[in-house]
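All remarks here apply to the structure that follows.
Bear in mind that the values in this text are calculations on the coordinates, not laboratory data. Note that the structure is predicted; figures quoted are calculated from it, not measured. Glycine also receives a Cβ, built like all others from the backbone with ideal geometry; neighbour counts cover every protein chain displayed.
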Amino acid sequence: MKYEGLIFRPPSEAESLILQVTVGCSYNRCTFCSAYREKSFRIKSFEEIKEDIDEISSYGQGIKKIFLADGDALIISQRDLLRILDYLRTRLKGLDRVGVYANAKDILRKDLEDLRALKDGGLGIIYLGLESGDPTVLKRIKKNATQEELIRAGRKVKESGILLSVTVILGIGGVEGSRAHAEQTGKVLSEMDPDYVGALSLMIVPGTPIEREIETGKLVLPSPFGLIQELETLIGNCHFSRCFFASNHASNYLPLRIQMPEGKEEALKRIREVLRRKDPDLLRPEFLRAL
Ligand code: SF4
């Protein structure tokens, strides 16, 4: 497999085989993200991808899940994506699901019918970074999408029948914007009604523009219990028909796995108890936190 640079994948794709179909992120300007800063974006040629798929198929037919890297593989033209999915199905008979990262613009560029065709071709899940539902935060972190575009993108994925997994970042609104960030993010998530939500806590990567905001005091990060208060407000504002909500990412102080809606009240009770006791021993220790 010819991987270029560091490869990232969602935690839930840990057992998937990673097929790199693009290099980097076509946008690459979110202020908190350093994942693809060193890479010049390009879409790999079908010939390159085909060679990797041929190699994968030589590993045997036990591969069930494939994740298409890097940052926003949905940017690939409809014709070429269908060609990749088609070739994957031809070579890997046991393949159950293909996943991709996508941004709101990639999703909105596709018609509903295009997304349905991708689903029929094997695309089973789209991971969308929302980060925040608060328009002020979205602008400040240069998310390249408005609140309204993000909601439309999320709903479109749901309507296509492809599973939708959405990532949000606790702390990204700072102390001052914490409440609005949590409330607005809960509201936007509820309107999307995703299948999965993954909550991360902001960790500052050296060299990113957001690090400068912190150094200059423009952004003040909430304390660990401030982040947990944010989680409580966020969950309280989430109203889903059926969603698995996880804050078990290594960056979080309080790992939770909640099946919503039935597990919501129990989770809120637990969070409120942690907030009442304010005992640091109830939190994941700082040295165990990671991106
Ligand atoms: S967060 Fe996503 S869209 Fe933004 S720069 Fe990073 S990979 Fe690209």
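A few remarks follow.
- Pairs of Lys in the range 133-263 closer than 23 Å at Cα, counting only those 8 or more apart or on different chains: 12
- For the chain, the relative contact order works out to 14 percent when only alpha carbon pairs closer than 8 Å and six or more residues apart are counted.
- Within straight-line cross-link reach of K44, lysines at Cα separation under 19 Å, skipping those fewer than 8 residues along the same chain: K2
- By the beta-carbon count within 10 Å of each Cβ, the least crowded to most crowded order of Y127, Y101, fewest first, is Y127, Y101.
- The stretch between R37 and R270 holds 80.0 nm of extra length on full extension. This uses 0.36 nm per residue minus the Cα-Cα distance.
- With the cut-off at under 19 Å, measuring from each backbone N in the range 241-273 to a point 7 Å along the Cα-to-Cβ line of T208 picks out 247-254.
- Working from Cα pairs under 8 Å separated by at least six residues, relative contact order for the range 225-285 is 35 percent.
- The range 243-291 and the range 20-79: distance between their alpha carbon centers, rounded to Å: 32 Å
- Electrostatic dipole magnitude of the range 79-213 [Cβ: Lys, Arg +1; Asp, Glu -1; Cα centre; debye, to 20]: 400 debye
- Listed peptides 259-268, 16-25 appear in the order 16-25, 259-268 once ranked by packing, highest mean of other Cβ atoms within 10 Å at the front.
- The magnitude of the dipole of the range 1-132, with charges of +1 and -1 set on the Cβ of Lys/Arg and Asp/Glu and taken from the Cα centre, is near 140 debye.
- In a reduced charge model with +1 at each Lys and Arg Cβ and -1 at each Asp and Glu Cβ, the chain shows a dipole moment near 180 debye about its Cα centre.
- Each Cα pair under 8 Å and six or more residues apart adds its sequence gap; the mean of these over the residue count of the range 1-63 is a relative contact order of 38 percent.
- Helix axis angle, 264-277 relative to the chain longest principal axis, alpha carbon, degrees: 50 degrees
- Isolated Cys residues of the chain, judged by Cβ distance under 4.7 Å to other cysteines: C25, C238, C243
- Fewest-first ranking of S223, S58, S247, using other Cβ atoms within 10 Å as the exposure measure: S58, S223, S247
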